[in-house]
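Visitor: Could you have a look at this structure, given as structure tokens, before my questions?
The values are calculated or read from the model by the stated rules, or taken from the named source; none is laboratory data. Note that the structure is a prediction, hence the values are computed from the model and not measured. Cβ coordinates were reconstructed from backbone atoms using ideal geometry, including for glycine residues, and neighbour counts include every protein chain displayed. What goes into the accessible areas is simple: the full protein's heavy atoms, side chains included, and nothing from ligands, DNA or RNA. Shrake-Rupley method; radii C 1.70, N 1.55, O 1.52, S 1.80 Å.
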Amino acid sequence: MPLVVTHRVADIVAVKTPLLIIPVAKGALPPSLAALDRISEGALGRCWAAGDFTGVKDETALLYPGGNGPERVLLVGIGDADQASAATLRRAAAIGGKKARSLGAPAAAVAYLRDVAPRVPTGRAAQSLAEGVPFGAWHFPDLKRPPESPKPAFERCELIIDAADAEFGAGVTRGNAIGAGQALTRGLQVLPSNTCTPEFVAARAREIAARHGFTVTVLDRAAIAKAGMQALLAVAQGSALEPRFVILEYRGSTAAPVVLVGKGVTFDTGGISIKPAQSMEDMKFDMSGAAAVLGTFEALGALKPNQHVIGLIPLCENMPSGTAYKPGDVVGSHLGKTIEVVNTDAEGRLILADALSWARQYTPAAVIDCATLTGAIVVGLGHTASGLMGTDQALVRAVLAAGEAADERVWELPLWDDYRELIKSDIADMKNSGGRAAGSITAGWFLKEFAEGYPWAHVDIAGTAYADRETPTQVKGPTGVMVRLFAEFLLART
């Protein structure tokens with residue numbers, strides 16, 4: 001179960017908690033902490049005086065104040081107060097949540113000090129704090145043997161504010177919903193592929209739909225074939241596991257829907273164009289786009305926005321075998337266009353092509369797909385931002401804005417006509433790879449060929465879907481990226 005964050009009005013000096021987390025700006029001891037310093041017999045002031053804590057970004061200090069208040073106080077630096085943003089507060093809360101879990105604190109509280117981030121509206125501050133604590137606290141011990149002396153689980157957190165504020169409460173509600181969606185996404189991403197199969201993901205979609213009252217349809221191999229999704233079937237044909245195609249619908253409005261599409265390759269060997277053995281285990285994360293769509297629907301179940309949202313998730317494995325599709329094959333597609341396969345490791349765009357074509361039947365207001373699509377995007381943008389391409393500038397701007405609001409940044413790449421030349425085929429309508437040059441853009445151009453008749457945007461999350469090392473805000477592993485961005489995008493449309 002995801003960590004749920006509550007809130008209440010209280011004086012922080014009277015909060016009895018195993019751990020009080022306090023985001024603090026750079027500079028002197030803030031006036032809002034003077035009372036806590038007094039009941040701590042000057043412990044906070046001595047920390048500042050000794051230079052052990054100055055409030056710079058990500059700096060922490062753990063104090064044991066004594067008395068009848070909090071058992072521990074964790075100071076988390078956020079940098080300059082006049083530059084503090086919602087992202088700054090989210091990051092500080094994540095650092096606090098991670099520390100609470102590692103300490104074995106069963107519960108914690110986060111103090112919201114109005115003078116720490118004065119430019120951030122209270123509702124946005126509350127949402128960011130409520131998202132941040134569970135994000136930092138997340139980990140996945142489920143497949144390990146429990147330790148002989150386990151630490152208590154971090155199960156409860158409350159945000160403390162000094163006076164009643166309706167916007168603050170609404171922000172906590174939003175943050176909890178988005179945090180739960182992100183936790184669900186990460187919980188799917190982290191699973192090994194012998195557990196997280198196409199049918200397993202489809203079953204999670206059914207469970208989410210049943211719990212929230214959504215409509216769900218799952219197509220099996222026969223139904224996928226009947227629908228004419230030949231590209232999806234081509235990728236799937238090398239695996240002993242059957243493909244699935246999931247359709248989720250949240251109808252909070254009668255308007256034209258926003259369609260979210262997520263790549264769901266539950267394991268990607270590269271097929272006949274097999275990947276190197278080193279780090280191939282990370283290819284369980286190739287279904288991160290699918291997981292993000294499911295996590296977004298989990299958030300929608302709690303947020304209930306005035307929106308009409310459809311989720312499309314093509315699911316399969318990409319495996320080498322005697323039945324696998326091969327370089328040189330020509331395969332069809334749901335749209336009817338033919339594709340020369342020059343690299344079987346360029347499989348994600350094939351299954352997305354059929355999903356993007358399928359989306360036309362809904363006459364959508366917008367379609368956004370997200371996928372761990374290309375290693376080239378990691379070369380270009382590293383692990384800091386996702387790549388963005390699209391056919392509609394208003395939609396692209398909206399995705400960019402949502403990424404900034406969510407602190408899941410994206411960077412637009414061009415889809416100039418010149419790049420189309422790189423995926424021309426001598427014997428089919430196109431080939432599925434343009435080679436190393438502009439690899440992310442030619443993959444985007446390939447998808448554009450199937451995104452006909454509606455505004456479309458594509459987000460390549462290959463560099464942001466998972467972290468290959470531990471950071472101050474999270475453990476090594478899945479990030480749940482795109483859940484916050486999708487949520488911000490949809491909430492901005494209400």
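Visitor: Kindly indicate whether E59 is open to solvent by 20 Å² or more (accessible area, probe 1.4 Å), over 15 Å from I161 (Cβ atoms) and over 30 Å from the mean Cα position of the chain (by Cα). First the steps, then the outcome.
Guide: Values: open to solvent by 20 Å² or more (accessible area, probe 1.4 Å): yes; over 15 Å from I161 (Cβ atoms): yes; over 30 Å from the mean Cα position of the chain (by Cα): no.
So E59 does not fit the description; no.
Visitor: Let me ask something else. Would you point out the residue of the stretch 136-160, among those that are buried (at least 23 other Cβ atoms within 10 Å of the Cβ) and not aromatic (F, W, Y), that is farthest from A108 (Cα to Cα)?
Guide: Within the stretch 136-160, the first condition is being buried (at least 23 other Cβ atoms within 10 Å of the Cβ), and the residues that meet it are 136-138, 154, 157, 159.
Next cut, not aromatic (F, W, Y) only: 136-137, 157, 159.
Details: G136: 13, A137: 11, C157: 5, L159: 9 Å.
Top of the filtered list is G136.
Visitor: Out of A180, A227, A210, A222, report the one residue that is over 30 Å from E340 (Cα atoms) and surrounded by fewer than 19 Cβ atoms within 10 Å (Cβ to Cβ). Before you say what the answer is, go through the steps one by one.
Guide: Details: A180 fails: surrounded by fewer than 19 Cβ atoms within 10 Å (Cβ to Cβ); A227 fails: over 30 Å from E340 (Cα atoms); A222 fails: over 30 Å from E340 (Cα atoms).
Criteria check complete, one pass: A210.
Visitor: A follow-up question, please. Given the criterion within 23 Å of P30 (Cβ to Cβ), of a type in the set (V, I, T) and surrounded by fewer than 24 Cβ atoms within 10 Å (Cβ to Cβ), identify the matching residue among V133, V120. Show your work before the answer.
Guide: Values: V133 fails: surrounded by fewer than 24 Cβ atoms within 10 Å (Cβ to Cβ).
V120 is the lone residue from the list that is within 23 Å of P30 (Cβ to Cβ), of a type in the set (V, I, T) and surrounded by fewer than 24 Cβ atoms within 10 Å (Cβ to Cβ).
Visitor: Identify all residues within the stretch 452-473 that are open to solvent by 10 Å² or more (accessible area, probe 1.4 Å) and not in a loop (DSSP other than H, G, I, E, B); write none if there are none.
Guide: First pass over the stretch 452-473, keeping only residues open to solvent by 10 Å² or more (accessible area, probe 1.4 Å): 452-455, 462, 464, 466-473.
Passing the criteria: Y466, A467, T471.
Visitor: Name every residue in the stretch 181-237 that is among the β-branched types (V, I, T) and part of a strand (DSSP E or B), in order of residue number. Step through it out loud before you land on a result.
Guide: First, pick out the residues of the stretch 181-237 that are among the β-branched types (V, I, T): 185, 190, 195, 197, 201, 208, 215-218, 224, 235.
Listed by number, the residues that qualify are T215, V216, T217, V218.
Visitor: Also, I was wondering about something else. Filter the stretch 144-163 for residues that are of a type in the set (G, A, S) and farther than 14 Å from V9 by Cα and give the result. Let's see the steps before the verdict.
Guide: Start the filter on the stretch 144-163 by keeping residues that are of a type in the set (G, A, S), which leaves 149, 153, 163.
S149, A153 - these are the residues of the stretch 144-163 that are of a type in the set (G, A, S) and farther than 14 Å from V9 by Cα.
Yes/no matrix, rows are residues, columns are (1) without any contact (Cβ under 8 Å) to a residue 24 or more places away in the chain; (2) among the basic types (K, R); (3) more than 24 Å from R211 (Cβ to Cβ); (4) in contact with a Gly (Cβ under 8 Å, 6 or more places away or on another chain):
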| position | (1), (2), (3), (4) |
| --- | --- |
| R114 | no, yes, yes, no |
| R119 | no, yes, yes, no |
| G123 | no, no, yes, yes |
| A126 | no, no, yes, yes |
| A153 | no, no, no, no |
| E158 | no, no, yes, no |
| I178 | no, no, no, no |
| Q182 | no, no, no, yes |
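Visitor: Can I ask one more? Is there any pair linking a residue in the stretch 265-283 that is touching a residue at least 24 places away in the same chain (Cβ under 8 Å) to one that is open to solvent by 80 Å² or more (accessible area, probe 1.4 Å) and polar (S, T, N, Q), with Cβ under 9 Å and at least six apart or on different chains, and which?
Guide: Hits for this filter: F267/N194.
Visitor: While we're here: Looking at the structure I just gave you, is R397 open to solvent by 80 Å² or more (accessible area, probe 1.4 Å) and under 15 Å from I461 (Cα atoms)?
Guide: Details: open to solvent by 80 Å² or more (accessible area, probe 1.4 Å): yes; under 15 Å from I461 (Cα atoms): no.
Answer is no for this residue.
Visitor: Restricting the search to the stretch 78-105, which residues are farther than 30 Å from S149 by Cβ and among the charged types (D, E, K, R)?
Guide: D80, D82, R90, R91
Visitor: Taking the options D369, D329, D345, D354, name whichever one is among the acidic types (D, E) and under 19 Å from the mean Cα position of the chain (by Cα). It would help to see each step written out before you state the result.
Guide: Values: D329 fails: under 19 Å from the mean Cα position of the chain (by Cα); D345 fails: under 19 Å from the mean Cα position of the chain (by Cα); D354 fails: under 19 Å from the mean Cα position of the chain (by Cα).
Being among the acidic types (D, E) and under 19 Å from the mean Cα position of the chain (by Cα) holds for just one of D369, D329, D345, D354, which is D369.
A quick yes/no check of all residues on (1) of a type in the set (S, T, N, Q); (2) in a loop (DSSP other than H, G, I, E, B); (3) crowded, with 22+ Cβ neighbours inside 10 Å; (4) without any contact (Cβ under 8 Å) to a residue 40 or more places away in the chain:
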| site | (1), (2), (3), (4) |
| --- | --- |
| Y419 | no, no, no, yes |
| L422 | no, no, no, yes |
| S433 | yes, yes, yes, no |
| F450 | no, yes, yes, no |
| L491 | no, no, no, no |
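Visitor: Which one is most open to solvent (accessible area, probe 1.4 Å), of the residues in the stretch 65-96 that are assigned to a loop (DSSP other than H, G, I, E, B) and in contact with a Lys or Arg (Cβ under 6 Å, 6 or more places away or on another chain)? Steps first, answer last, please.
Guide: Start the filter on the stretch 65-96 by keeping residues that are assigned to a loop (DSSP other than H, G, I, E, B), which leaves 65-72, 78-80, 84-85.
If we keep only those that are in contact with a Lys or Arg (Cβ under 6 Å, 6 or more places away or on another chain) too, we end up with 79-80.
On the way: G79: 10, D80: 57 Å².
Taking the candidates together, the pick is D80.
Visitor: So in the stretch 85-141, with the set limited to residues that are among the β-branched types (V, I, T) and within 19 Å of the chain's Cα centre (by Cα), which one is farthest from A183 (Cα to Cα)?
Guide: Taking the stretch 85-141 first, the residues among the β-branched types (V, I, T) are 88, 95, 110, 116, 120, 122, 133.
Now narrow it down to the ones that are within 19 Å of the chain's Cα centre (by Cα): 88, 95, 133.
Values: T88: 20, I95: 16, V133: 11 Å.
So, considering only residues that are among the β-branched types (V, I, T) and within 19 Å of the chain's Cα centre (by Cα), the one farthest from A183 (Cα to Cα) is T88.
Visitor: I would also like to ask the following. Restricting to the stretch 260-294, name every residue that is within 17 Å of the chain's Cα centre (by Cα) and either farther than 18 Å from D460 by Cβ or among the charged types (D, E, K, R) (or both).
Guide: The answer is K263, T266, D282, K284, D286, L294.
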